[in-house]
Amino acid sequence: MKLRGKMAEIFKFVHILIIFFSLIVLVTSDNKIFCYTTDDCDSNICGKAFVMRCRVFLCLCELPEH
């Protein structure tokens, strides 16, 4: 019985750590990750051959359409 309780506590602790660190990464990142339009994305992140576009609320580097 005690082992299950400790495993649950460890699981909760790890889960809280994951949430905490993901929030820190999200807040401290300089690059815009989330977007509503392509204008919200930073075009300097991608290489010269790629174009930054907003797809499903995420900025993604894609090959330009010809």
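Determine the dipole magnitude for the chain: charges of +1 sit on the beta-carbon of Lys and Arg, -1 on that of Asp and Glu, nothing else is charged, the reference point is the Cα centre, and the result goes in debye to the nearest 20. Write down the numbers at each step before the final one.
Details: 8 positive and 7 negative charges, 130 e Å.
Dipole of the chain, to the nearest 20 debye: 620 debye.
Site-free segments of the chain were taken between chymotrypsin sites (Phe, Trp or Tyr not before Pro) in DSSP loops having at most 14 other Cβ atoms within 10 Å, sites themselves excluded; the longest one is 1-35. Think of the chain as a dipole: +1 on every Lys or Arg Cβ, -1 on every Asp or Glu Cβ, centred on the Cα centre; then among T37, I18, L63, I18 lies furthest on the positive end.
Values in this text are rule-based calculations from the coordinates and carry no lab data. This one's a predicted model, so the numbers in the text were calculated from it and none came from an experiment. Note: ideal-geometry Cβ built from the backbone for every residue, glycine included; neighbour counts use all protein chains shown.
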